[in-house]
1. Applying the Karplus parametrisation 6.51 cos²θ - 1.76 cosθ + 1.60 with θ = phi - 60° to the phi angles of segment 146-152, what ³J(HN,Hα) value in whole Hz is obtained for each residue in order, glycine and proline being reported as x?
2. Restricting things to alpha carbons, tell me how big the chain is in terms of Rg and Dmax, in Å.
3. Arrange Thr122, Thr273, Thr209 by Cβ neighbour counts within 10 Å, fewest through most, would you?
4. Antiparallel DSSP bridges in the chain: what percent, to the nearest 5?
5. Counting only C-alpha contacts under 8 Å and six or more residues apart, can you give the relative contact order of segment 8-325 as a whole percent?
6. Please label the shape of segment 226-306 as rounded, prolate or oblate, based on the square roots a ≥ b ≥ c of the eigenvalues of the alpha-carbon gyration tensor (a/c under 1.5 means rounded; beyond that, a/b larger than b/c means prolate, else oblate).
7. Report the convex hull volume per residue for segment 205-244, counting only C-alpha atoms, in Å³.
8. Rank the residues Leu268, Leu148 as a footprinting-exposure proxy: fewest other Cβ atoms within 10 Å of their Cβ go first.
Amino acid sequence: MSATVWNGAGRRVYLQEVGTRDGLQAESAFVPTADKVALVDALSDAGLAKVEVTAFVSPAAIPALRDAEQVLREIRRVPGVTYTCLVPNVRGAERAIESRADELNLVMSASESHNLANLRMTRDQSYAGLRAVADLARGAGVPVTISLSCSFGCPMDGDVPEDEVLAWCARYVEETGARGVTLCDTTGMAYPTQVARLVQAFRARWPGTELTLHFHNTRGMGLANVLAALDAGADRFDASLGGIGGCPYAPGASGNVCTEEVAHALALMGYDTGIAMDRLLAAARRLPGLIGHEVPGQITKAGQRLDLHPRPADFEAIRARALARGG
Ligand code: COA
Ligand code: ZN
């Protein structure tokens, strides 16, 4: 790897919160609408570049997000922050546009089996439907992005060939005019060398298109994958507060890379994330209370690297004894 990974040198990295969508969709408890709104507002104030506020999906399929309209209506819109929403179909797009979403994040899977399991369509059917969504959005002046689930592997089909992933990217970038593509590691199958290859290939082909990496930490490789992607030229990452999340239709799925862990690591390495750590951590500390259980994120438990601890009460006695031994 080049030296860049070890020194951010002030390079801007955009962190995009998905806990409010990817995270909350996986929770069994319904987080009250006012709490969701307060959470999004806290994330805006913490300096996230983008927040995926909710999903305009079938309320029967994902009851946890059945209040999408109200949440989007009631959040405080901070200038400079993009408020995006997941949209699976035309019905979702109509709802999201009506609710003044800044951007629609379309979703399909790079893997045929996962697409069928999650969206009940073949990939070709998804693409046809999502082209109609993109046309609708263009007419309304709302940009779209595409999240390609399972871009680094599918829990049912195994590896998805890189050329196949890039071919789907090509269709969205070149045919539908998507503003950005998110390569999603839905079930934590990505590994750093694979990530570097795909990021380099994407960047070389579409230098002007927003590329986001969306990693889940299912096998402990999340932060390593972030660093590999940065080194290969990526500058946008999805992450979830507390590391919550996981696709309800992917066996063994677990949380996204944790926003405060990524922000903490990147700040130490000299990247400019725009994040105010104290605000982000304050939001993260409130999260277990909202969802009713502990979260995987470590920073709220361990503190930041230089949150120091008091020395032992008998420290001076220890020192005196050590010095008395001489040497
Ligand atoms: N918003 C509101 N309701 C929607 C909707 C949307 N975007 N999309 C579908 N529906 C409703 C339909 O109106 C229908 O309601 P009804 O039973 O009262 O008539 C019901 O959902 C099922 O619709 P159906 O036609 O059988 O399915 P579909 O093909 O339209 O919808 C999905 C399929 C994938 C859009 C839907 O199952 C869904 O939203 N799933 C959630 C996917 C998801 O969020 N996965 C995790 C993130 S990747
Ligand atoms: Zn995800």
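All of the numbers you see were taken from the coordinates with simple rules; none came from a lab. As the structure is a prediction and not an experimental result, all values here were calculated from the model. Cβ atoms come from the backbone with ideal geometry, glycine included; neighbour counts cover every protein chain shown.
1. Values, residue by residue: 10, 9, 9, 5, 6, 5, 10 Hz.
2. Gyration radius and largest Cα-Cα distance of the chain: 20.8, 81 Å.
3. Ranked by crowding around the Cβ, least crowded first: Thr122, Thr209, Thr273.
4. In the chain, approximately 5 percent of DSSP beta bridges are antiparallel ones.
5. Computed over segment 8-325, the figure is 20 percent.
6. oblate
7. Roughly 73 Å³ of hull volume per residue.
8. By the 10 Å Cβ count, ascending: Leu268, Leu148.
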